[in-house]
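One structure is given below, encoded as structure tokens.
The values are calculated or read from the model by the stated rules, or taken from the named source; none is laboratory data. Computed from a predicted model, the values in this text were never measured in an experiment. Reconstructed Cβ throughout: ideal geometry from the backbone, glycine too, with neighbour counts over all protein chains shown. To get the accessible areas, we keep the full protein, side chains included, count just its heavy atoms, and leave off ligands, DNA and RNA. Shrake-Rupley method; radii C 1.70, N 1.55, O 1.52, S 1.80 Å.
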Amino acid sequence: MEVQYHHDNASLSGSVGLTAVPSVELNGTFGNGKFAIGGEVAFDTSTGLLTKYNTGVGITEPDFTAALLL
């Protein structure tokens, strides 16, 4: 099952697997025309561990675009 929310400057999403031991995923992005920041995380309920986690930031200018992903 997935839930999404979209706005001009934000986007949020979350999903849960419909199984006996579901995985849970959440992600979000916030920004405007020049700057954006976002991230995602996944949680495995069977092990109780984070299985995925990422974040990023981006900047857009007329003469360049730069991004940093971790």
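Observations on the structure shown:
- Scanning segment 41-70 for residues that are small (Gly, Ala, Ser) and in a strand (DSSP E or B) gives Ala42, Gly56, Gly58, Ala66, Ala67.
- Entry remark, segment 48-70: residues being β-branched (Val, Ile, Thr) and either touching a helix residue (DSSP H, G or I) at 6+ places or on another chain (Cβ under 6 Å) or open to solvent by 80 Å² or more (accessible area, probe 1.4 Å) (or both) number 2 in total.
- Hey, Gly33 at pLDDT below 95, of a type outside the set (Phe, Trp, Tyr), open to solvent by less than 90 Å² (accessible area, probe 1.4 Å) and within 23 Å of Leu68 (Cβ to Cβ) or not: yes
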